[in-house]
Amino acid sequence: QDVWIDFRSDETGEPVKLHALWAPQARADAPVLLYLHGARYDVRGSAHRMRRLQALGFAVLGVDYRGFGQSSKVLPSEAMAYEDAAAAWDWLARQHPQRERYVFGHSLGGAIAVHLASRRDDVRGLIVEGSFTSIPDVVSGFRWGWLPVGPLITQRFEAGEHIRRVRAPVLVVHGSEDTLIPPALGQALYERAPGPKRFLLVDGGTHHNTNAVGQPQYRRALAELFGITAAE
(Lines give C-alpha, C1' and ligand atoms only; values in the text may rest on other atoms or scores of the structure.)
Protein backbone atom coordinates (compact mmCIF):
# COMPACT_ATOMS: atom_id res chain seq x y z
CA GLN A 1 0.00 0.00 0.00
CA ASP A 2 1.26 3.49 -0.84
CA VAL A 3 1.81 5.81 2.12
CA TRP A 4 2.73 9.50 2.08
CA ILE A 5 4.52 11.19 4.99
CA ASP A 6 4.55 15.00 5.13
CA PHE A 7 6.70 17.15 7.40
CA ARG A 8 8.73 20.35 7.38
CA SER A 9 12.49 19.88 7.33
CA ASP A 10 14.57 21.39 10.11
CA GLU A 11 17.56 21.05 7.76
CA THR A 12 16.18 23.09 4.86
CA GLY A 13 13.02 24.74 6.21
CA GLU A 14 11.14 23.33 3.23
CA PRO A 15 8.07 21.07 3.22
CA VAL A 16 8.91 17.42 2.52
CA LYS A 17 6.80 14.61 1.08
CA LEU A 18 8.12 11.08 1.52
CA HIS A 19 6.74 8.11 -0.37
CA ALA A 20 6.60 4.78 1.45
CA LEU A 21 5.20 1.28 1.00
CA TRP A 22 3.23 -0.39 3.78
CA ALA A 23 3.05 -4.19 4.02
CA PRO A 24 0.61 -5.00 6.88
CA GLN A 25 0.05 -8.08 9.00
CA ALA A 26 -3.23 -9.78 9.73
CA ARG A 27 -2.47 -9.73 13.46
CA ALA A 28 -3.35 -6.38 15.02
CA ASP A 29 -0.58 -6.73 17.59
CA ALA A 30 2.18 -7.72 15.14
CA PRO A 31 5.48 -5.83 15.58
CA VAL A 32 6.15 -3.09 13.06
CA LEU A 33 9.43 -2.57 11.26
CA LEU A 34 10.85 0.48 9.47
CA TYR A 35 12.78 -0.65 6.39
CA LEU A 36 15.63 1.63 5.24
CA HIS A 37 17.08 0.81 1.83
CA GLY A 38 20.57 1.31 0.41
CA ALA A 39 21.79 3.86 -2.08
CA ARG A 40 21.37 1.84 -5.28
CA TYR A 41 17.59 1.37 -5.42
CA ASP A 42 14.42 3.12 -4.34
CA VAL A 43 11.89 1.45 -2.06
CA ARG A 44 10.08 -0.27 -4.93
CA GLY A 45 13.31 -2.12 -5.72
CA SER A 46 13.35 -3.35 -2.13
CA ALA A 47 9.80 -4.72 -2.14
CA HIS A 48 11.04 -8.33 -2.35
CA ARG A 49 13.16 -7.89 0.77
CA MET A 50 10.27 -6.18 2.56
CA ARG A 51 8.03 -9.16 1.70
CA ARG A 52 10.53 -11.57 3.23
CA LEU A 53 10.64 -9.51 6.44
CA GLN A 54 6.84 -9.48 6.44
CA ALA A 55 6.91 -13.29 6.19
CA LEU A 56 9.11 -13.33 9.30
CA GLY A 57 6.34 -11.71 11.35
CA PHE A 58 6.64 -7.94 10.86
CA ALA A 59 4.31 -5.35 9.44
CA VAL A 60 6.77 -3.38 7.31
CA LEU A 61 7.02 0.28 6.30
CA GLY A 62 9.64 0.92 3.61
CA VAL A 63 10.42 4.57 2.97
CA ASP A 64 12.26 6.50 0.26
CA TYR A 65 14.58 9.29 1.36
CA ARG A 66 14.41 12.64 -0.40
CA GLY A 67 15.95 12.31 -3.83
CA PHE A 68 14.77 8.70 -4.27
CA GLY A 69 11.68 7.29 -5.94
CA GLN A 70 8.58 9.47 -5.59
CA SER A 71 9.79 11.40 -2.53
CA SER A 72 10.67 15.11 -2.72
CA LYS A 73 13.15 15.80 -5.52
CA VAL A 74 16.31 17.20 -3.96
CA LEU A 75 19.99 16.26 -3.93
CA PRO A 76 20.13 13.83 -0.97
CA SER A 77 22.55 14.22 1.89
CA GLU A 78 23.49 12.32 5.03
CA ALA A 79 21.68 14.80 7.28
CA MET A 80 18.51 14.66 5.16
CA ALA A 81 18.50 10.86 5.12
CA TYR A 82 18.72 10.81 8.92
CA GLU A 83 15.88 13.33 9.15
CA ASP A 84 13.71 11.37 6.72
CA ALA A 85 14.22 8.13 8.66
CA ALA A 86 13.24 9.93 11.87
CA ALA A 87 10.08 11.32 10.21
CA ALA A 88 9.10 7.81 9.07
CA TRP A 89 9.75 6.48 12.58
CA ASP A 90 7.55 9.18 14.08
CA TRP A 91 4.80 8.29 11.57
CA LEU A 92 4.94 4.67 12.73
CA ALA A 93 4.78 5.76 16.37
CA ARG A 94 1.66 7.86 15.68
CA GLN A 95 -0.05 5.16 13.63
CA HIS A 96 0.84 2.20 15.86
CA PRO A 97 1.61 3.55 19.34
CA GLN A 98 0.92 0.28 21.15
CA ARG A 99 3.05 -1.97 18.95
CA GLU A 100 6.70 -2.86 19.38
CA ARG A 101 8.75 -1.04 16.74
CA TYR A 102 11.96 -2.23 15.07
CA VAL A 103 14.26 -0.72 12.48
CA PHE A 104 16.05 -2.55 9.65
CA GLY A 105 18.69 -1.16 7.31
CA HIS A 106 20.36 -2.72 4.27
CA SER A 107 23.79 -1.51 3.12
CA LEU A 108 23.84 2.31 3.41
CA GLY A 109 20.42 2.03 5.04
CA GLY A 110 22.13 0.11 7.84
CA ALA A 111 24.11 3.21 8.77
CA ILE A 112 20.92 5.28 8.72
CA ALA A 113 19.16 2.69 10.89
CA VAL A 114 22.04 2.71 13.39
CA HIS A 115 21.87 6.50 13.63
CA LEU A 116 18.12 6.40 14.26
CA ALA A 117 18.41 3.66 16.90
CA SER A 118 21.18 5.56 18.67
CA ARG A 119 18.86 8.52 19.23
CA ARG A 120 15.52 6.91 20.12
CA ASP A 121 14.53 5.13 23.32
CA ASP A 122 11.49 3.45 21.74
CA VAL A 123 13.41 1.19 19.34
CA ARG A 124 12.72 -2.40 20.42
CA GLY A 125 15.43 -3.84 18.17
CA LEU A 126 17.91 -2.93 15.42
CA ILE A 127 18.70 -5.17 12.42
CA VAL A 128 21.39 -4.28 9.88
CA GLU A 129 22.36 -6.32 6.83
CA GLY A 130 25.40 -5.90 4.58
CA SER A 131 26.45 -2.69 6.33
CA PHE A 132 29.67 -1.08 7.56
CA THR A 133 31.40 1.06 10.17
CA SER A 134 31.82 4.16 7.96
CA ILE A 135 32.09 5.24 4.32
CA PRO A 136 35.85 5.93 4.68
CA ASP A 137 36.29 2.36 5.97
CA VAL A 138 34.45 1.05 2.89
CA VAL A 139 36.57 3.19 0.56
CA SER A 140 39.80 1.98 2.16
CA GLY A 141 38.94 -1.53 0.97
CA PHE A 142 38.67 -0.49 -2.67
CA ARG A 143 41.53 -1.11 -5.09
CA TRP A 144 42.60 2.52 -4.73
CA GLY A 145 41.84 2.59 -1.02
CA TRP A 146 45.44 3.36 -0.05
CA LEU A 147 44.96 6.93 -1.29
CA PRO A 148 44.42 9.44 1.57
CA VAL A 149 40.84 10.27 0.56
CA GLY A 150 39.19 9.76 3.95
CA PRO A 151 39.26 13.42 5.06
CA LEU A 152 37.75 14.50 1.74
CA ILE A 153 34.58 12.44 2.18
CA THR A 154 31.91 14.70 3.62
CA GLN A 155 29.14 12.08 3.75
CA ARG A 156 30.82 9.81 6.27
CA PHE A 157 27.96 7.80 7.83
CA GLU A 158 29.93 6.90 10.96
CA ALA A 159 27.82 3.92 12.00
CA GLY A 160 30.67 2.45 14.03
CA GLU A 161 30.56 5.45 16.35
CA HIS A 162 26.78 5.74 16.50
CA ILE A 163 26.18 2.09 17.33
CA ARG A 164 28.02 2.51 20.64
CA ARG A 165 24.97 4.52 21.83
CA VAL A 166 22.31 2.01 20.77
CA ARG A 167 20.42 0.67 23.79
CA ALA A 168 18.26 -1.88 21.94
CA PRO A 169 19.27 -5.45 21.07
CA VAL A 170 21.21 -5.57 17.78
CA LEU A 171 21.27 -8.20 15.02
CA VAL A 172 24.06 -7.72 12.46
CA VAL A 173 23.72 -9.88 9.34
CA HIS A 174 26.29 -10.28 6.57
CA GLY A 175 26.79 -12.58 3.59
CA SER A 176 30.01 -14.56 3.47
CA GLU A 177 30.36 -13.76 -0.27
CA ASP A 178 29.61 -10.03 -0.06
CA THR A 179 32.23 -8.48 -2.35
CA LEU A 180 30.88 -4.92 -2.12
CA ILE A 181 30.91 -4.56 1.67
CA PRO A 182 33.32 -7.14 3.12
CA PRO A 183 32.04 -9.26 6.04
CA ALA A 184 34.89 -7.90 8.16
CA LEU A 185 33.20 -4.49 8.18
CA GLY A 186 29.94 -6.04 9.40
CA GLN A 187 31.89 -7.88 12.09
CA ALA A 188 33.60 -4.65 13.13
CA LEU A 189 30.22 -2.91 13.39
CA TYR A 190 28.90 -5.76 15.51
CA GLU A 191 31.90 -5.63 17.86
CA ARG A 192 31.22 -1.96 18.63
CA ALA A 193 27.59 -2.57 19.61
CA PRO A 194 27.11 -2.72 23.39
CA GLY A 195 24.70 -5.69 23.41
CA PRO A 196 22.64 -7.74 23.74
CA LYS A 197 23.64 -8.55 20.20
CA ARG A 198 24.19 -11.28 17.64
CA PHE A 199 26.31 -11.57 14.48
CA LEU A 200 24.82 -13.73 11.74
CA LEU A 201 27.15 -14.73 8.87
CA VAL A 202 25.09 -16.24 6.05
CA ASP A 203 27.10 -18.81 4.14
CA GLY A 204 26.98 -18.09 0.40
CA GLY A 205 25.17 -14.80 0.82
CA THR A 206 26.13 -11.86 -1.40
CA HIS A 207 25.40 -8.16 -0.93
CA HIS A 208 22.04 -8.60 -2.65
CA ASN A 209 20.74 -12.10 -1.79
CA THR A 210 21.70 -12.60 1.88
CA ASN A 211 18.16 -11.79 3.00
CA ALA A 212 16.83 -14.63 0.82
CA VAL A 213 19.59 -17.20 1.35
CA GLY A 214 19.62 -16.61 5.10
CA GLN A 215 15.85 -16.74 5.72
CA PRO A 216 15.99 -19.82 7.99
CA GLN A 217 18.86 -18.28 10.00
CA TYR A 218 16.96 -15.00 10.22
CA ARG A 219 13.95 -16.89 11.57
CA ARG A 220 15.97 -18.47 14.38
CA ALA A 221 17.85 -15.30 15.26
CA LEU A 222 14.68 -13.20 15.46
CA ALA A 223 13.07 -15.75 17.75
CA GLU A 224 16.10 -16.02 20.04
CA LEU A 225 17.10 -12.32 20.19
CA PHE A 226 13.73 -10.56 19.92
CA GLY A 227 11.15 -13.29 20.62
CA ILE A 228 9.53 -12.80 17.21
CA THR A 229 7.93 -15.77 15.47
CA ALA A 230 7.11 -15.90 11.79
CA ALA A 231 3.67 -15.25 10.41
CA GLU A 232 1.73 -18.42 9.62
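The values are calculated or read from the model by the stated rules, or taken from the named source; none is laboratory data. The shown structure was predicted, so the numbers you read here are calculated from the model rather than taken from an experiment. A quick note on method: Cβ atoms are made from the backbone with ideal geometry, for glycine too, and the neighbour counts reach across all protein chains shown. Protein only, heavy atoms only, side chains kept; ligands, DNA and RNA dropped before computing areas. Shrake-Rupley method; radii C 1.70, N 1.55, O 1.52, S 1.80 Å.
Looking only at the range 163-176, count how many residues are outside any strand (DSSP E or B) and in contact with a strand residue (DSSP E or B) (Cβ under 9 Å, 6 or more places away or on another chain).
Of the range 163-176, the ones outside any strand (DSSP E or B) are 163-169, 176.
Imposing the further condition that a residue be in contact with a strand residue (DSSP E or B) (Cβ under 9 Å, 6 or more places away or on another chain) reduces the set to 163, 166, 168-169, 176.
Qualifying residue count, the range 163-176: 5.
In the range 118-162, what count of residues is obtained for those that are aliphatic (A, V, I, L, M), more than 19 Å from residue 107 (Cα to Cα) and either at pLDDT 95 or above or assigned to a helix (DSSP H, G or I) (or both)? Talk me through it step by step, then tell me what you get.
As a first pass, look at the range 118-162 and keep what is aliphatic (A, V, I, L, M): 123, 126-128, 135, 138-139, 147, 149, 152-153, 159.
Of the ones still in play, those that are also more than 19 Å from residue 107 (Cα to Cα) are 123, 147, 149, 152.
If we keep only those that are either at pLDDT 95 or above or assigned to a helix (DSSP H, G or I) (or both) as well, we get 123, 152.
Total satisfying the criteria: 2.
Just to be sure before I move on: is residue 202 surrounded by 19 or more Cβ atoms within 10 Å (Cβ to Cβ) and either among the β-branched types (Val, Ile, Thr) or more than 16 Å from the chain's Cα centre (by Cα) (or both) in the structure I sent? Reasoning before the result, please.
On the way: surrounded by 19 or more Cβ atoms within 10 Å (Cβ to Cβ): yes; either among the β-branched types (Val, Ile, Thr) or more than 16 Å from the chain's Cα centre (by Cα) (or both): yes.
In short, yes.
Can you pull out the residues in the range 97-119 that are open to solvent by 30 Å² or more (accessible area, probe 1.4 Å) and either hydrophobic (A, V, I, L, M, F, W, C) or more than 18 Å from residue 131 (Cβ to Cβ) (or both)?
97, 98, 99, 100, 108
Out of curiosity, is residue 46 touching a Pro at 6+ places or on another chain (Cβ under 9 Å) and of a type in the set (Ser, Thr, Tyr)? Walk me through it before giving the result.
Values: touching a Pro at 6+ places or on another chain (Cβ under 9 Å): no; of a type in the set (Ser, Thr, Tyr): yes.
When the stated conditions are applied, residue 46 does not pass them.
For residues that are aliphatic (A, V, I, L, M) and in a loop (DSSP other than H, G, I, E, B), scanning just the range 60-78, find the one that is surrounded by the most Cβ atoms within 10 Å (Cβ to Cβ).
From the range 60-78, those aliphatic (A, V, I, L, M) are 60-61, 63, 74-75; that's our starting set.
If we keep only those that are in a loop (DSSP other than H, G, I, E, B) too, we end up with 74-75.
Details: 74: 15, 75: 7.
Result: 74.
Run residue 212 past the list (1) more than 19 Å from residue 49 (Cβ to Cβ); (2) in contact (Cβ under 8 Å) with a residue 24 or more places away in the chain and report the number of the one that doesn't hold.
Of everything listed in (1) more than 19 Å from residue 49 (Cβ to Cβ); (2) in contact (Cβ under 8 Å) with a residue 24 or more places away in the chain, residue 212 misses just condition (1).
Taking the criterion of being among the basic types (Lys, Arg), over 27 Å from residue 26 (Cα atoms) and more than 16 Å from the chain's Cα centre (by Cα), would at least one residue in the range 68-91 satisfy it? Working first, answer last.
Of the range 68-91, the ones among the basic types (Lys, Arg) are 73.
Checking the rest, the ones that are also over 27 Å from residue 26 (Cα atoms) come to 73.
Checking the rest, the ones that are also more than 16 Å from the chain's Cα centre (by Cα) come to 73.
Within the range 68-91, one or more residues are among the basic types (Lys, Arg), over 27 Å from residue 26 (Cα atoms) and more than 16 Å from the chain's Cα centre (by Cα).
How about the range 1-41: which of its residues are among the β-branched types (Val, Ile, Thr) and in contact with a strand residue (DSSP E or B) (Cβ under 6 Å, 6 or more places away or on another chain)?
3, 5, 16, 32
Quick grid of which residues meet (1) open to solvent by less than 10 Å² (accessible area, probe 1.4 Å); (2) β-branched (Val, Ile, Thr); (3) at pLDDT below 95:
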| site | (1), (2), (3) |
| --- | --- |
| 4 | no, no, no |
| 9 | yes, no, no |
| 15 | no, no, no |
| 21 | no, no, no |
| 28 | no, no, yes |
| 35 | yes, no, no |
| 42 | no, no, yes |
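Does the range 163-177 contain any residue that is more than 25 Å from residue 86 (Cβ to Cβ), modelled with pLDDT of 95 or more and surrounded by fewer than 23 Cβ atoms within 10 Å (Cβ to Cβ)?
Pass one, the range 163-177, residues more than 25 Å from residue 86 (Cβ to Cβ): 174-177.
Of the ones still in play, those that are also modelled with pLDDT of 95 or more are 174-177.
Among the residues that remain, those that are also surrounded by fewer than 23 Cβ atoms within 10 Å (Cβ to Cβ) are: 176-177.
Yes, the conditions are met somewhere in the range 163-177.
Out of the residues in the range 205-219 that are outside any loop (DSSP other than H, G, I, E, B) and of a type outside the set (A, V, I, L, M), which is most open to solvent (accessible area, probe 1.4 Å)? So that I can check it myself, show each step before the final result.
Residues of the range 205-219 outside any loop (DSSP other than H, G, I, E, B): 210-213, 215-219.
Retained after the next criterion (residues that are of a type outside the set (A, V, I, L, M)): 210-211, 215-219.
Numbers: 210: 2, 211: 1, 215: 27, 216: 72, 217: 46, 218: 0, 219: 102 Å².
Looking at residues that are outside any loop (DSSP other than H, G, I, E, B) and of a type outside the set (A, V, I, L, M), I get 219.
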